[in-house]
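Some notes on the structure that comes next.
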Amino acid sequence: MYGFAGMSKNLMLDKGITKLVILYTNDQHSRIDPFPANDPKNPDQGGFARRASVIKKIRATEPNVLLLDAGDIFQGTPYFNLYQGEVEYKLMSEMGYDCTTLGNHDFDLGMENVVKQMPHAKFDFVCANYIFKNTPLENKIKPYKIYNRGGLRIGVFGLGIELAGLVSKKLYGDTQYFNPVMVANDIAKTLKKEEKCDYVICLSHLGYKYEDKKVSDMTLSEETKDIDIIIGAHTHTFLEKPVLKANAEKKEVHVTQVGWAGIWLGRIDVAFSHNNKKNSTETAYYKILKSQA
């Protein structure tokens, strides 16, 4: 069995309503296989093949699916040590991932390795607050990407954590980091106002929240405009349901994160009315267990 909670029948809607299904992961950390059955914390949980089965079943009944990841795909098992990310990118491509952002551990073998593995990735990379001028990643990472699903325009952009003090300088080189709140406001405004997106998603590798003043998803949600949902990562936080925050305009923004290692697959269903205005939102989580194999 897999866990599935929070979805009502409200989104099994009448004609004229378009439903967008957003599936997402974060901090996969090269966990290709399930955890061992004797693992004290996550016995026989997770696994790429099982997740692929769940995603396939969802796509069989839902026409408008977007599959996203919030970074730290790399590092954590011998698969990464041996194959340097090739396996992760290939399997994510087979699952039909649409987009990811970069986490700090995705730099663990340097930018050259990310570039080396990119041909295996049939999905997009976005990060708006890193500038990669004069680095191997120059012109290879876009600030945002727009997807069309069921007549809807969905804007997706990424934000990365400050690498200085977290990642060895030699691994990220001349990559420049810019304030994520300022960048997010600029990008989200562009997506909503200029690109006419119906829905804006931020893939954030900033972390859920901190006791100090370090910028987090909580900070981002309160100090920005035009973002509809923040899909977070880095702190390996499992939120039992998305946190609803009021943004700088006192409008609702969802903040979510689903732990780590691919144990959970997050799902958010968003219904849009005839004029592509958001009508309602439902959320669910799938716990990836043996029965999906």
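Here, each number is a calculation from the coordinates, and none is a lab measurement. Nothing here was measured: the structure is a model prediction, and the numbers come from that model. Please note: Cβ atoms are built from the backbone with ideal geometry, for glycine as well, and neighbour counts cover all protein chains shown.
Inside region 155-169, can you point out the residues that are under 11 Å from Ile231 (Cβ atoms) and small (Gly, Ala, Ser)?
Matches in region 155-169: Gly158 only.
Does Gly259 satisfy being surrounded by fewer than 24 Cβ atoms within 10 Å (Cβ to Cβ), of a type outside the set (Ser, Thr, Tyr) and within 16 Å of the chain's Cα centre (by Cα)?
Criteria met by Gly259.
Name the strands (runs of 3 or more DSSP E) wholly within region 238-284 that hold at least 2 residues that are in contact with a strand residue (DSSP E or B) (Cβ under 7 Å, 6 or more places away or on another chain) and over 19 Å from Val65 (Cα atoms)?
By residue number, 243-246, 252-256.
Give the residue that is nearest to Tyr130 (Cα to Cα), with candidates limited to residues of region 32-84 that are surrounded by 14 or more Cβ atoms within 10 Å (Cβ to Cβ) and free of Cβ contacts under 8 Å to residues at least 40 places away in the same chain.
Top of the filtered list is Gln84.
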